[in-house]
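Structure first, commentary second.
The values are calculated or read from the model by the stated rules, or taken from the named source; none is laboratory data. Quick caveat: nothing in here was measured; it's all calculated off a predicted structure. No Cβ is skipped: glycine too gets one built from the backbone with ideal geometry, and neighbour counts run over all protein chains shown.
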Amino acid sequence: MCQTLGVSAHSEEILMSEVVTVADFLRVSAASDPERVALIDAVTGEELTYAELDERVTATAQIMLDRGLVPARIGDRVAMLLGNSIDFVVTYFAVVRAGLVAVPLNPGYTVGELAGILTECDAQILLVSADTVELGIAAAPSGCAVIFCDEVLPSKESLRGLLKESLRSLVKRNSSKTAMPRIESDDLALLLFTSGSDGVPKGVMLSHENLVSNIQALASLRNPPIVSAEDTVLAVLPLFHVYGLNTVLTLAIAAGAGVVLLDRFDAEQSLEVIAREHVTTVAGAPAMYLMWSRVSSVKDAMRPTRMLTSGGAPLPAEVFTRFEELTGMRIYEGYGMTETSPVITSTVVDGKAVAGSVGSAIPGTEIKIMADFGDEAETGDPGEIWVKGPGVFSGYWPNHSDGPDAQGWFGTGDIGYLDDDRSLHLVDRRRELIIVNGFNVFPREVEIVLESIDGVSEAAVLGRPDPETGEAVSALVVLAAGSALTAEEISVMAQESLARFKCPTDIRIVRSLPRSATGKIAKGRLREVYDLGVESPDVPSNT
Ligand code: AMP
């Protein structure tokens, strides 16, 4: 399906063009202003213009197709274990241009977590960099070829034997004439694994249309524009997450803006980059704004900046206010989820950044609030947020399971209410999700790991408010009879199986967990037990 974009000099050109795939945005921007700098690696200083990026993307796509990877409605999967780098951007757009499916992975995951996902999605290729090559080789199942992206091969002999050539050197010598396949808007473009409530990661299936429609809706907002061709955008949010990938990177490429890539967030370093590169548009998460607000140079560093956005987790009113006092700028807040490509609402829609509201539904997307008994809630009354629109996914990998209902509505699991202006206010999350620095952790996944430790009988995991990360993971653990494990020992063992953000930062050993009348762990009472602490485990016994 052809869709059109909003206004402004550059967007006009996209408005007139057909955009079917995510990679079409890059083609249009490269045709519009080929010499414009598209990417700047903030650490190495490497730069690529739009023309160079577009060319490198096509060459990389040709190499993938010449290797035998098959484009299709659900094309072959290409997993990416890469930080925020030029190689990430080139390979992502190459995968989608070649009609294949990108599976970006969190380099913070453990070997076991990565191996599980790679097997589940049957990835044919795993792309790695110097930073992730050892992790990738350890995690890749047989049948999944590990391909090294950086120009300079690793110095270790053992690795050199496995990785004979880098993707970059193949691209330099590429003379392929392979034509790009025809891609339909509902072909699968992206598979993103998020934590599942049963402890097993679930693959969110996003089509080109899902991703393209979300970009077009955001690009049509003009009051103020989130990003335009004149802007320089900071891309420090991880590109393996839908927020960094679609809402920061692809939106900026669609607008023909410059993108400054930074792989790790450090408050002072990122402010230096913002000042040096004259960053005008900053997309962040609440924890980043909190940390920036503690650095005295924030006002000076952000002098060139005109647009601040936040999403992924609640932005505390104190941080919003403090930031405005410090910089004179208000932070626009958005709400969304991986399953919705991701943006559902934004305060940019009404052009009013106010603390406590996540704004109105973006154009083309509808929301409704459902009360407990299947009726829509009255204005001001909280209920579960349901969403319908072109950004909503088709379901989870591989069979499109648990997607939207027959009318296209999808229940988010979040609780909120609409005010008189149809602006959304988030109240709570119905499901037990814990959000650490914007990353989702389902308690069950952590509980399974804790319960697999020798000497642990059972475990219950809960989220606790944390001033730095929004929420932190805490655990209550019951030891097996005769076990003398300490909380520290359990913590060390958990780190072997869980990415750092999922590891409990506080483990309390208790005699028993609270149970409901039917014997289930009474999740609602965990907080109470947790607050009693290690020394007072006087809770109903499960025996
Ligand atoms: P993810 O799929 O990782 O993007 O996580 C989506 C979840 O993050 C949503 O279901 C919400 O619970 C939460 N979330 C996203 N944006 C916000 C926000 N602005 N404020 C509060 N929670 C948010």
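Across region 293-333, the qualifying residues are those that are of a type in the set (D, E, K, R) and not in a helix (DSSP H, G or I), and the one among them that is farthest from residue 280 (Cα to Cα) is 294. Within region 218-235, residues that are among the hydroxyl-bearing types (Ser, Thr, Tyr) have Cβ atoms under 6 Å from residues that are part of a strand (DSSP E or B) in these pairs: 232/258, counting only partners at least 6 apart in sequence or on another chain. Candidates in region 156-175 are the residues that are exposed (fewer than 15 other Cβ atoms within 10 Å of the Cβ) and not in a helix (DSSP H, G or I); of these, the one that is farthest from the ligand (Cβ to nearest atom) is 175. Determine whether residue 83 is assigned by TED's automatic domain parsing to the domain that holds residue 240 and closer than 27 Å to residue 113 by Cα. Against the criterion (assigned by TED's automatic domain parsing to the domain that holds residue 240 and closer than 27 Å to residue 113 by Cα), residue 83 qualifies.
State which residue is modelled with the lowest pLDDT when the search covers only region 1-36 and only residues that are in contact with a Leu (Cβ under 8 Å, 6 or more places away or on another chain) and under 25 Å from residue 191 (Cβ atoms).
19
Residue-level analysis places residue 441 among those that are under 20 Å from the mean Cα position of the chain (by Cα), within 11 Å of the ligand (Cβ to nearest atom) and surrounded by 15 or more Cβ atoms within 10 Å (Cβ to Cβ). Of 394, 360, all but one fail to be among the small types (Gly, Ala, Ser), surrounded by 15 or more Cβ atoms within 10 Å (Cβ to Cβ) and in a loop (DSSP other than H, G, I, E, B); the exception is 394.
Filter region 176-199 for residues that are hydrophobic (A, V, I, L, M, F, W, C) and either within 16 Å of the ligand (Cβ to nearest atom) or touching a Cys at 6+ places or on another chain (Cβ under 7 Å) (or both) and give the result. Full working, then the answer.
Within region 176-199, the first condition is being hydrophobic (A, V, I, L, M, F, W, C), and the residues that meet it are 179-180, 183, 188-193.
Those that are hydrophobic (A, V, I, L, M, F, W, C) and either within 16 Å of the ligand (Cβ to nearest atom) or touching a Cys at 6+ places or on another chain (Cβ under 7 Å) (or both): 190, 191, 192, 193.
Against the test of being on the phi > 0 side of the Ramachandran plot and modelled with pLDDT of 95 or more, the options 99, 75 yield a single qualifying residue, 99.
Within region 456-494, the set of residues being under 22 Å from the mean Cα position of the chain (by Cα) and farther than 21 Å from residue 433 by Cβ is empty.
Can you confirm whether region 420-432 contains a residue that is modelled with pLDDT of 90 or more, within 11 Å of the ligand (Cβ to nearest atom) and either outside any strand (DSSP E or B) or of a type in the set (A, V, I, L, M) (or both)? Yes, region 420-432 has at least one match. Just one of the listed residues (115, 31, 23) is more than 23 Å from the chain's Cα centre (by Cα) and part of a helix (DSSP H, G or I), and it is 31. Among residues that are outside the structural domain of residue 422 (by TED's automatic domain parsing), in a loop (DSSP other than H, G, I, E, B) and within 14 Å of the ligand (Cβ to nearest atom), residue 354 is included.
The residues of region 447-470 that are free of Cβ contacts under 8 Å to residues at least 60 places away in the same chain and within 16 Å of the ligand (Cβ to nearest atom), listed by number, are 463, 465, 466.
Rundown of residues vs (1) within 19 Å of residue 258 (Cβ to Cβ); (2) out of contact with any helix residue (DSSP H, G or I) (no Cβ under 9 Å at 6 or more places or on another chain); (3) assigned by TED's automatic domain parsing to the domain that holds residue 165; (4) surrounded by fewer than 24 Cβ atoms within 10 Å (Cβ to Cβ), yes/no style:
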residue	(1), (2), (3), (4)
34	yes, no, yes, yes
50	yes, no, yes, no
65	no, yes, yes, yes
78	no, no, yes, no
89	yes, no, yes, no
104	no, no, yes, no
112	no, no, yes, yes
115	no, no, yes, yes
124	no, yes, yes, yes
